[in-house]
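A.B. asks: Questions regarding the structure given below will be posed in turn.
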Amino acid sequence: MATHYSSAFVLLSVVAWACALSGSLAARDLADQDQAMVARHEEWMAKYDRVYSDAAEKARRFEVFKANMALIESVNAGNHKFWLEANRFADLTDDEFRATWTGYRPKTAAASSKGRSRTATTGFKYANVSLDDVPASVDWRTKGAVTPIKNQGECGCCWAFSAVASMEGVVKLSTGKLVSLSEQELVDCDVNGMDQGCEGGEMDDAFDFIVGNGGLTTESRYPYTASDGTCNSNEASGDAASIKGYEDVPANDEASLRKAVANQPVSVAVDGGDSHFRFYKGGVLSGACGTELDHGIAAVGYGVASDGTKYWVMKNSWGTSWGEAGYIRMERDIADEEGLCGLAMQPSYPTA
Ligand SMILES: *[C@@H]1O[C@H](CO)[C@@H](O)[C@H](O)[C@H]1NC(C)=O
């Protein structure tokens, strides 16, 4: 009942506003547009089961929705290699979105000194791979090294999903078995270093924990809850897969990243709070994107689109309705050495 009342309230107040301005044609057009937007907001709310606590909250969310729709429509009206949609994040501000749906804490000198003392990374094992020997395209999904898309929900532990995705890959390549591994074990048990569950973390710190822990257990034994919990050491001791260590790909070097991704899935940090990334629906993301690293994903392949655009295939953790069935293609080998959305800045992978 409260929801019906509040939607009627907002509709009525918009109608009243429209009537008060009906003397001017321009004003009426504006009011018509707003009414159409109110209707779109209602449809969107129904589609995503969104319920607001009261009319004031709904009015505030409507303004955010309207601003996001303006951005999405202006991008889609332009000449781009990708398109956006008003997905389930369309009534969130940038800050709200970054706070709940991302969760990568970029590596800094200060941050590393706060963490547990890390196993030193062993270098870059693919340094001497020749790009001439690397395939023109790679897709680890078709090689059975990628588990189905997962959904982190409103918990900032992208770092766990990113680390688990690249670990699942290297475990498949070294043992022949694809096993879905537990993010929740990382969220609950990897709490003595940089990684802080839903409050954010970093993939290298997760690898470091996994090495010290002797591995990770399976998703089914230690299922995901999208919330911080107490470490269940009974389940955590049933480790299903392990890694020996991890290595960083040389920073700001997409050629090195390709050498690594040609050999295994790789964890990557990006600016996932960038609105183009957030609302991505399909195509090859390209052009403007920030480099404020706040989100962990996994590079699971690369290729070349029919128009010649080179791209990375990235596995995300926002469910299958986001992007291309949960994946995003991002332009590869761009002029900016940091890579699109900073993707070349801090990639790393586990070793088995
Ligand atoms: C790459 O080649 C150089 C020169 O042969 C060698 O010293 C180095 O150990 C190699 N690096 C790796 C990671 O294999």
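The values are calculated or read from the model by the stated rules, or taken from the named source; none is laboratory data. Because the structure is predicted, anything quoted here is derived from the model rather than measured. Using ideal geometry, Cβ is built from the backbone for each residue, glycine included, and neighbour counts are taken over all protein chains shown. Only protein heavy atoms, including side chains, enter the accessible area calculation; ligands, DNA and RNA are left aside. Shrake-Rupley method; radii C 1.70, N 1.55, O 1.52, S 1.80 Å.
A.B. asks: Between a first residue in the stretch 307-324 that is under 14 Å from residue 262 (Cα atoms) and a second residue that is surrounded by 24 or more Cβ atoms within 10 Å (Cβ to Cβ) and of a type in the set (Phe, Trp, Tyr), which pairs have beta carbons less than 7 Å apart while being 6 or more apart in sequence or on different chains?
C.D. replies: Listed by first residue and then by second, the contacts come to 311/302; 312/302; 313/302.
A.B. asks: Right, something else. Within the stretch 226-241, track down each residue that is touching a Gly at 6+ places or on another chain (Cβ under 9 Å) and either within 14 Å of residue 127 (Cα to Cα) or at pLDDT 95 or above (or both).
C.D. replies: Across the stretch 226-241, the qualifying residues are 226, 227, 228, 229, 241.
A.B. asks: Can you tell me which residue in the stretch 228-238 is nearest to residue 174 (Cα to Cα), limited to those that are part of a loop (DSSP other than H, G, I, E, B) and open to solvent by less than 50 Å² (accessible area, probe 1.4 Å)?
C.D. replies: Out of the qualifying residues, it is 238.
A.B. asks: Going through 108, 100, 121 one at a time, which residue ends up being modelled with pLDDT under 95 and within 16 Å of the ligand (Cβ to nearest atom)?
C.D. replies: Of 108, 100, 121, the one residue that is modelled with pLDDT under 95 and within 16 Å of the ligand (Cβ to nearest atom) is 121.
A.B. asks: Now a separate question. If residue 47 satisfies every condition in (1) open to solvent by 70 Å² or more (accessible area, probe 1.4 Å); (2) under 30 Å from residue 307 (Cβ atoms) but one, which is the exception?
C.D. replies: Only one criterion in (1) open to solvent by 70 Å² or more (accessible area, probe 1.4 Å); (2) under 30 Å from residue 307 (Cβ atoms) is unmet by residue 47, namely (2).
A.B. asks: Please pick out the residue among 200, 153 that is crowded, with 18+ Cβ neighbours inside 10 Å and within 19 Å of residue 316 (Cβ to Cβ).
C.D. replies: 200
A.B. asks: Moving to a separate point now. All but one of (1) open to solvent by less than 30 Å² (accessible area, probe 1.4 Å); (2) touching a strand residue (DSSP E or B) at 6+ places or on another chain (Cβ under 6 Å) hold for residue 326; state the number of the condition that does not hold.
C.D. replies: Result: residue 326 passes all but (2).
A.B. asks: Where the second residue is aromatic (Phe, Trp, Tyr) and the first is free of Cβ contacts under 8 Å to residues at least 12 places away in the same chain and lies in the stretch 73-85, which pairs have Cβ atoms under 7 Å and are six or more apart or on separate chains?
C.D. replies: Here the result reads 76/83, each pair linking the stretch 73-85 to a residue that is aromatic (Phe, Trp, Tyr).
A.B. asks: Could you tell me which numbered condition residue 141 fails, if it satisfies all but one of (1) open to solvent by 80 Å² or more (accessible area, probe 1.4 Å); (2) within 16 Å of the ligand (Cβ to nearest atom); (3) modelled with pLDDT of 85 or more?
C.D. replies: (2)
Rundown of residues vs (1) of a type outside the set (A, V, I, L, M); (2) without any contact (Cβ under 8 Å) to a residue 24 or more places away in the chain; (3) closer than 30 Å to residue 136 by Cβ, yes/no style:
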position	(1), (2), (3)
187	no, no, no
202	yes, no, no
205	yes, no, no
216	no, no, no
243	no, no, yes
275	yes, no, no
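A.B. asks: Please verify whether residue 255 is assigned by TED's automatic domain parsing to the domain that holds residue 172, without any contact (Cβ under 8 Å) to a residue 12 or more places away in the chain and aliphatic (A, V, I, L, M), treating the condition exactly as stated.
C.D. replies: Spelling it out, it is not the case that residue 255 is assigned by TED's automatic domain parsing to the domain that holds residue 172, without any contact (Cβ under 8 Å) to a residue 12 or more places away in the chain and aliphatic (A, V, I, L, M).
A.B. asks: Follow-up. Residues in the stretch 67-97 that are assigned to a helix (DSSP H, G or I), open to solvent by 40 Å² or more (accessible area, probe 1.4 Å) and at pLDDT below 95: how many?
C.D. replies: 3
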